[in-house]
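Below is one structure, written out as C-alpha cells; comments come after it.
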There are 2 protein chains.
Amino acid sequence: MLTMAMRSGGLRGTAVRWLLSQRLRGGGGGHHRFASTLLTAQQKPYTHIQRGNFNQVEGEDLAVFERILTSSGVITDHADVDRYNQDWMGKFRGQSTVVLRPKSTEEVAAVLRHCHQRRLAVSTQGGNTGLVGGSVPLFDEIILSTELMNDIISLDDVSRILTCQAGCVLEQLNTYLEPHDLMMPLDLGAKGSCHIGGNVATNAGGLRFLRYGSLHGTVLGLEAVLADGTVLNTLSGLRKDNTGYDLKQLFIGSEGTLGVVTGVAIEAVQRPAATNVAFLACNSYEQLQHTFQAAKHHLGEILSAFEFLDEGSMDCTTANLGLSSPLQTPAPFYILIETHGSVQEHDFAKLEGFLETVMSDELVVDGTVAQDAGQASALWGIRERITEALQHDGTVYKYDVSLPLPVLYSLVNEMRSRVASVATRCVGYGHVGDGNLHLNITSSEPNEELFGLIEPFVYEFTAKHRGSISAEHGLGVMKPHHIHYSKPAEAIHLMKQIKALMDPHGILNPYKTIV
Amino acid sequence: MLTMAMRSGGLRGTAVRWLLSQRLRGGGGGHHRFASTLLTAQQKPYTHIQRGNFNQVEGEDLAVFERILTSSGVITDHADVDRYNQDWMGKFRGQSTVVLRPKSTEEVAAVLRHCHQRRLAVSTQGGNTGLVGGSVPLFDEIILSTELMNDIISLDDVSRILTCQAGCVLEQLNTYLEPHDLMMPLDLGAKGSCHIGGNVATNAGGLRFLRYGSLHGTVLGLEAVLADGTVLNTLSGLRKDNTGYDLKQLFIGSEGTLGVVTGVAIEAVQRPAATNVAFLACNSYEQLQHTFQAAKHHLGEILSAFEFLDEGSMDCTTANLGLSSPLQTPAPFYILIETHGSVQEHDFAKLEGFLETVMSDELVVDGTVAQDAGQASALWGIRERITEALQHDGTVYKYDVSLPLPVLYSLVNEMRSRVASVATRCVGYGHVGDGNLHLNITSSEPNEELFGLIEPFVYEFTAKHRGSISAEHGLGVMKPHHIHYSKPAEAIHLMKQIKALMDPHGILNPYKTIV
C-alpha cells in the first residue's frame, strides 16, 4: 500500500516503486495512425449536406497550379490523393481529385487568388489528425496541404519566441527547441503528426493547457492568407502589441474557414529541469475533485497536468492494447499528475506534501510515482493511448465537452445508463484541470439506435449546464449544426457576418464550423 | 556590500537589510490622481480632427435616457460632467454635455439601441486611467460610464473563475478574491481606479504579465453590447471552448470601438503563499540583460516580475516625490524582481542561488531584498510612482513601445541625445520581461520644437526594429494615425472592414484606434 510506504519512508523508498512491464514500456510513443482497412467505423451522418455552388477543377486550373507550384507540388494521381481524402479514423472521406502542396506563403497566396477568382473550394490540411472531420474535404474541394511548409524561420532564445512555417510538426519543433532548453507550450497525443498551423487553426488544447495556457495567449504572431490571396502578416512576434484589433485571434480556432495559416510566432517555454509523474487511484469522483483541490494547493506553480481516466478507459487500454495497469487494485478513477519545475528537490518536497495529504485524508487509495523518464513516459502512454485503444472496438462515438467540474462525470454516468443495452463501452477521460471531458461510446459497428440515444442528449446535457459542446476538438463537419447548444444566436450571427466579410465566396473549408 | 553579505551569511543576514525611510514607506499605494489645476500640460496635437457626422444630443434624447436609466443615471450638470470630460493627466479634454451611468447590461443595450438609431456618438469610460486619450470624448460624444456596473456576479472557486460587471475596480476585485486565496491575473499602477471592463477593452498588460500572461489568455468569457444594442453574451467562462470563432478576442484591446464590454469572466490565480521582492543595481544595460537571463534560469516558475528603471527615472522619483533610493550607490540601471511561489523556503533558496550567481558574475553591483510586506510595497512604490513623479515636471511626452530586448534601451539613449538641449528629462523604465519600454520625455511646458524632435523619430526607430508603437497603452486618440508603423496595410484594411461591419454608423468611440 502506498499509504504505508509513505508513512514508513517517503516516496523515494522502493516500496512505492512499480516496475513497468516491457509491454507498457513500449507504448509511450506519440500518435498512432491506422490504415483505413483496420477501420469499420463509418458513421456517415453527413449525407444530407449538398455540394456548394463552386466550380470544378479543370485542366486549365491544374495548369495554373503547376505554374505556381511546379508539378511536384500538384498531386492528381488517384491513389496518392486518396490518403489526403481520408481522415485517420476512417470516419470522414472526401472526393477531391487534387492536392496542392505549396512551399511558401507566396505560393499559397497565388493559389488562393486563383481559387477565389474561379470559385474553387479549398480544404486546408495540416497533419490530418483532427477528430471532427475538419481536415478532409467533403466533396471535391481542393486539398491544400501544408506538409512542405516546414521551415523554422527564427528562434529568439532571449525572448523565447519561435517563428516557423505552418507545416512544422509539433514534435519536430520540440526537438529543435531542446538544445535551447526550451519546449513548445502545448503538447498533445498527436504531436508526432500534427502541424503547428493545424494546432493554431483548431486552437488545440492538449495535455499541459493547465500550466501553459491557451494558444490565444501563447501565439504571439500569425501570418495568414485570406480567401482572396491577401497576405496578412502579423508575424512580428512581440509579447505585447496593442496597435489595433488583434486580428490573429480570429484565425485561432477558425478551423481554416477564415484564412490559411502559413506562419506562426509562438512563445516557447522553459524546459523543466525536473519532471515528476504520479499515477493515483480514487474510489469516487468526489475524491478525485478533492484530490484536484489538494494538487492545486500543494503543487501550485509546478503543477503541469492533472488528467483523469475512468475504470472503463483503463479496461479498454488493457483489453485492446494489452497494456497493464500500473496499479494492482482496480479503482473507478485514475489520475495522472505531472509537475514541471526547476529544482527537483523542491518539487519532490511539494509532491511528497501533496501525497501525504491525499493519503492521510484517504482521498487516494493507491498510487505510484515514476522513478525515471521511461516510467513517466509509460504512465503518460496509458493516458495518451486511450483514443487508439477505443478505435479497436470498431465504431467510436466521440464527444469532447467542457462542463463545470462538479457535474463533469455525471454526463458519463447518465450516458452509460442510457446506452447500457446497446453500446460496447461508455467511458470518460480527460483534462480535469480544464473542466474538459472526453466522452466516448463504442460499438462493434455503426448503430443508428445507439446514435439516437447519444444525440441530442449529450448536447442537451451540456447546454443545460452551460458547458461547451466542443472544448478543444472544434466543430469541423461534425458539429456546426449543434453550435447553438453553446453559443447564443447573436454570436452565431456575428460569426456568419465575419465569415461573409472575410470569405465572400465561401471557398475556405466549406460545410464546416460556421455554416 | 551585498556581495560580501552573500558570501558571509546569505540573504537572511542583516547586512543586506536596508531600512526603508518613513517617507518611502508611505508611498507604496495605488494609483494617484491629480487635480487638473496641478497640470500645465496640454499637448493638443489633435485640433486637426473634424467632428464626425453625428447628431447632437437633444431634449428628447435626454428624456429617452431618463426613461431607461432613471434620472440619477443621467448627469447633465456642467460641473459634474466636466470631470468625466477630462483625462487624469489633463492632456485630453472633451466637450460632452451628458454622462450616462447604466447599472445593467439591459440598460446599456437600450441606450446604444437609441444612439445607433439616432446617430449619437458614444465614448465609453471606465476608471478613466488611460494614457492615450481613449477614455474621454473629443467633441460632444455621450459619455457612457461603467462606474455603477460594479456587481460581482459569481466566483467558482474550484475552477477559479470570477464573473463580474465591467465597472468593478481592479483592486476591489482583489480584495474580494483574497479570502478565497486567489487574486486577479493582472496588476497595474492604476489598480485603485481602473475598471476591469477598461482593462479588457484596452488589453491592459501591467506588472505581472510576465507570469500570468495576456488577457487574451486569462479572459474566459465576455459580455459586450454591440453598437446597435445587440447583447453578445459569451460569459459562460469555460477554460476551453472551441465552438466557432472566439469573438470575445475582438473586444480585448479594441478600446471601446467595437462594442461596450459589460461583463467579464476571468481566470483568477492562486495568491502566492510566498512573495519576495529584490531591488538591484546594474552598471550597464548589457548587465541588465544578463541578469534577466539569469533570473529566468534560476527563478523559473516563480519569477513574477522583472521590471527596470534607469537612473533618470530614479532621480525623478527622488527629486519630484521626495522618495529615497533603496540603494546607496547610484547606478545607471535598477531592477525590481519579484517571485510568487507556494513555499517560502524553496523560493528563498532559488532567489539566493540567483543572487549568488549575478553577484559572483558581477552583473549586479548593489541590491536589497525586502524583509517584509511593507518593504516590498515600498520597493514597488518606486517603480509604480514614476508616472506620477514625471507629471511634476510639467509636460510629459509618453511613449510605450515593444522592442527586441537588445535594442530596447538604445531608443532611450538615442532620444536623450536628440532632445538634450530642449527637454527637462528623457527617461526609460518598464517591463523587461515583456520587451516593453516606457519612454518619457518631459519639459516644463508644451514645446513644439521638442515634439518635432521626438516624433516621428520614436515611431521610425520602433518600426525599423519591428517593434510595436503601442505595447500596452493602446492607440486611443493619440496614435491611430501612426498604426502603419506597426501594422501592414492589409491588416489595417481588415480592421476597418470589421469596424464598419460591427459599427456601421461609427458611433462607438469615434476618432480613436481605427480611423
Go over the candidates A:490, A:445, A:414, A:455 one by one and state the one that is closer than 30 Å to residue A:139 by Cβ, outside the structural domain of residue A:280 (by TED's automatic domain parsing), surrounded by fewer than 23 Cβ atoms within 10 Å (Cβ to Cβ) and over 24 Å from the mean Cα position of the chain (by Cα).
A:445
Looking only at residues that are assigned to a loop (DSSP other than H, G, I, E, B), out of contact with any Asp or Glu (no Cβ under 6 Å at 6 or more places or on another chain) and facing another protein chain (nearest Cβ under 7 Å) in the range A:485-515, which one is farthest from residue A:132 (Cα to Cα)?
A:488
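Condition check ((1) within 27 Å of residue A:234 (Cα to Cα); (2) open to solvent by less than 30 Å² (accessible area, probe 1.4 Å)) across all residues:
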| residue | (1), (2) |
| --- | --- |
| A:75 | no, yes |
| A:78 | no, no |
| A:89 | no, yes |
| A:106 | yes, no |
| A:117 | yes, no |
For the range A:206-223: of the residues being under 30 Å from residue A:111 (Cα atoms) and not hydroxyl-bearing (Ser, Thr, Tyr), which is surrounded by the fewest Cβ atoms within 10 Å (Cβ to Cβ)?
A:221
Count of the range B:384-399 residues which are in contact with a Ser or Thr (Cβ under 6 Å, 6 or more places away or on another chain) and open to solvent by less than 20 Å² (accessible area, probe 1.4 Å):
6
Matching residues in the range B:224-267 (within 7 Å of chain A (Cβ to nearest Cβ), of a type in the set (A, V, I, L, M) and open to solvent by 10 Å² or more (accessible area, probe 1.4 Å)) number 2
Those residues of the range B:270-304 which are more than 17 Å from residue A:157 (Cβ to Cβ), modelled with pLDDT of 95 or more and assigned to a strand (DSSP E or B), in sequence order
B:274, B:275, B:276, B:277, B:278, B:279, B:280, B:281, B:282, B:304
Right, residue B:178: charged (D, E, K, R), in contact (Cβ under 8 Å) with a residue 40 or more places away in the chain and open to solvent by 10 Å² or more (accessible area, probe 1.4 Å) or not?
yes
Limited to the range A:352-390, what total is found for residues that are within 21 Å of the chain's Cα centre (by Cα) and assigned to a helix (DSSP H, G or I)?
14
Just give me the residues in the range B:268-301 being of a type in the set (Gly, Ala, Ser) and open to solvent by less than 40 Å² (accessible area, probe 1.4 Å), in sequence order.
B:268, B:274, B:278, B:281, B:284, B:294, B:295, B:300
Residues within the range A:153-173 that are open to solvent by 30 Å² or more (accessible area, probe 1.4 Å), free of Cβ contacts under 8 Å to residues at least 60 places away in the same chain and closer than 20 Å to residue A:130 by Cβ, tallied
1
Mind listing just one residue for me: the one in the range A:154-175 that is under 26 Å from residue A:255 (Cβ atoms) and of a type outside the set (A, V, I, L, M, F, W, C) and, of those, farthest from the chain's Cα centre (by Cα)?
A:163
Does residue A:349 satisfy being open to solvent by 20 Å² or more (accessible area, probe 1.4 Å) and in a helix (DSSP H, G or I)?
yes
Based on this model, can you work out whether residue B:472 counts as under 21 Å from the mean Cα position of the chain (by Cα) and open to solvent by 10 Å² or more (accessible area, probe 1.4 Å)?
yes
Exactly one of (1) within 26 Å of residue A:498 (Cα to Cα); (2) assigned to a loop (DSSP other than H, G, I, E, B) is unmet by residue B:478. Its number?
(1)
Subset of the range A:318-349 (residues that are closer than 26 Å to residue B:343 by Cα and touching an Asp or Glu at 6+ places or on another chain (Cβ under 9 Å)):
A:335, A:336, A:337, A:338, A:339, A:340, A:341, A:342, A:346, A:349
Which condition breaks for residue B:406 when tested against (1) open to solvent by 10 Å² or more (accessible area, probe 1.4 Å); (2) in contact with a Ser or Thr (Cβ under 9 Å, 6 or more places away or on another chain); (3) within 12 Å of chain A (Cβ to nearest Cβ); (4) in contact (Cβ under 8 Å) with a residue 60 or more places away in the chain?
(2)
Complete set of residues in the range B:105-136 that are small (Gly, Ala, Ser) and not in a loop (DSSP other than H, G, I, E, B):
B:109, B:110, B:123
Here is a check on your reading of the model: is residue A:467 at positive phi and either at the interface with chain B (Cβ under 8 Å from one of its Cβ atoms) or exposed (fewer than 15 other Cβ atoms within 10 Å of the Cβ) (or both)?
no
Of the numbered conditions (1) more than 31 Å from the chain's Cα centre (by Cα); (2) within 26 Å of residue A:477 (Cα to Cα), residue A:92 fails exactly one; give the number of that condition.
(1)
Could you tell me how many of the residues in the range B:291-327 are among the charged types (D, E, K, R) and either closer than 30 Å to residue A:269 by Cα or within 14 Å of chain A (Cβ to nearest Cβ) (or both)?
4
The range B:328-346, subset assigned to a loop (DSSP other than H, G, I, E, B), open to solvent by 10 Å² or more (accessible area, probe 1.4 Å) and closer than 17 Å to residue B:312 by Cβ, residue nearest to the other protein chains (Cβ to nearest Cβ)
B:332
Only residues in the range A:124-137 that are at positive phi count as the first member; pair them with residues that are hydrophobic (A, V, I, L, M, F, W, C) and modelled with pLDDT under 95, Cβ under 8 angstrom, at least 6 apart or cross-chain, and list the lot.
A:128/A:88; A:133/A:92; A:133/A:477; A:133/A:478
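The values are calculated or read from the model by the stated rules, or taken from the named source; none is laboratory data. The model shown is predicted, which means the values in this text are computed figures rather than measured ones. Neighbour counts are summed over all protein chains in view; Cβ atoms, including those assigned to glycine, are modelled from backbone coordinates with ideal geometry. Surface accessibility is based on the protein's heavy atoms, side chains included, excluding ligands, DNA and RNA. Shrake-Rupley method; radii C 1.70, N 1.55, O 1.52, S 1.80 Å.
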